[in-house]
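Shown next, in structure tokens, is the structure this report addresses.
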Amino acid sequence: MKYSLRQLQVFVATARHENISRAAEALAMSQSAASEALRQLEHQFDIQLFERTPGRRLQLNELGRTVRPRAEALLEQAAELEQVLSQHREPGPIKVGATLTIGNYLAVGTMARYMAEQPGARVTLEVANTASIVERVAKFELDLGLIEGERYNPDLDMIPWREDELVAFCAPEHPLARKGVLRQEELLQATWILRETGSGTRQTFDRAMGALLAELNIGLELQHTEAIKRAVEAGLGISCLSRVTLVEAFQRGTLVPLQLPEHDFSRRFYFVLHRKKYRSAGIERWMELCRLSAGAEAGVDTAGRGGC
């Protein structure tokens, strides 16, 4: 074999940091040793994997972008083999990205179960909007994404996870709280407080409102679900968010649902993975725990409805 795993580690670290010094630091190597490992890898195959740009940045060229996911997959498989040989069968570290709705209301429970199964497991959970999570998975900066709504990217797999729906709501003192089914004129007269463009929640809302969207009075656009709920509770307007974010507020009576039966707010949550990303035991177990959690919630919900 003409290459070593160490050479691949240096290549992948350099691709991530775009700088040989930072790559060497991440691998606890000297800069000279890292530079030599990368030089040998390119020399042995008579190739160039990076474009040397001003400012000492090293950017992957076309060949480098092709090699990177395969090198990362091989290194992950090697790490898993090392765990097996060391009689450590548990999933390794995992970097998960989740949208705000999922990250704040669903993913933390999965993370707790994952870490309880694997004491000492290194888990990174990053919370951002759907567009950001998809972009970071595409760049191999996250192992797995949990997103709201579907985004097309030829390099990514979108795997259905669970059903969800948005619910329009307002404060109990709002004039619309005492209405039944809302008419179109009432929707146009209301002030709306919505998630920002680029979020999965906003994508679903825009689709559901259709031609009516252009005429809505959008007073605020906020990036955080809790900020939207507080603004609505303060009487600043009405909004529309995932049902999973509103359960406790509806139970307390601090917010009340609105009826918009003519608008379809149903959607799905998805797992998003890079098609060239090696699916480690950690990734597979995380997805399994997510599915188990969704199944348990569905069972409770079904039992609750049956008793009504």
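For GLY219, indicate whether it is surrounded by fewer than 18 Cβ atoms within 10 Å (Cβ to Cβ), assigned to a strand (DSSP E or B) and small (Gly, Ala, Ser). Yes, satisfied. Only one entry in ALA208, ALA214 is under 28 Å from GLU135 (Cβ atoms) and over 26 Å from the mean Cα position of the chain (by Cα), namely ALA214. Using the structure shown, decide if VAL244 is in a helix (DSSP H, G or I), within 21 Å of the chain's Cα centre (by Cα) and surrounded by 15 or more Cβ atoms within 10 Å (Cβ to Cβ). The answer is yes for VAL244. Quick one: how many residues across the range 164-186 are touching a helix residue (DSSP H, G or I) at 6+ places or on another chain (Cβ under 9 Å), among the hydrophobic types (A, V, I, L, M, F, W, C) and closer than 14 Å to ALA249 by Cβ? Result for the range 164-186: 5. Has the range 73-85 got at least one residue that is at pLDDT 85 or above and within 20 Å of the chain's Cα centre (by Cα)? Looking through the range 73-85, none of the residues is at pLDDT 85 or above and within 20 Å of the chain's Cα centre (by Cα). Quick one: would you say LEU187 is surrounded by 14 or more Cβ atoms within 10 Å (Cβ to Cβ) and assigned by TED's automatic domain parsing to the domain that holds ALA171? The answer is yes for LEU187. Residue-level analysis places ARG151 outside the set of residues that are among the basic types (Lys, Arg), at pLDDT 90 or above and in contact with a helix residue (DSSP H, G or I) (Cβ under 7 Å, 6 or more places away or on another chain). Taking the criterion of being more than 17 Å from LEU166 (Cβ to Cβ) and part of a helix (DSSP H, G or I), the only residue of the range 232-241 that qualifies is GLU233. Restricting attention to the range 21-78, the residues that are free of Cβ contacts under 8 Å to residues at least 40 places away in the same chain, within 29 Å of ALA281 (Cα to Cα) and of a type outside the set (A, V, I, L, M, F, W, C) add up to 4. In the range 114-131, the residue that is farthest from the chain's Cα centre (by Cα) out of those that are surrounded by 16 or more Cβ atoms within 10 Å (Cβ to Cβ) and assigned to a helix (DSSP H, G or I) is TYR114. Here HIS274 fulfils each of the conditions (1) under 22 Å from LEU100 (Cα atoms); (2) outside the structural domain of GLY149 (by TED's automatic domain parsing) apart from (2). Any residue at all in the range 233-246 that is farther than 17 Å from GLU148 by Cα and without any contact (Cβ under 8 Å) to a residue 12 or more places away in the chain? Looking for residues that are farther than 17 Å from GLU148 by Cα and without any contact (Cβ under 8 Å) to a residue 12 or more places away in the chain, one finds none in the range 233-246, hence no.
The values are calculated or read from the model by the stated rules, or taken from the named source; none is laboratory data. Please read all numbers here as calculations on a predicted model, not as lab measurements. Backbone-built Cβ (ideal geometry, glycine too); neighbour counts: all protein chains shown.
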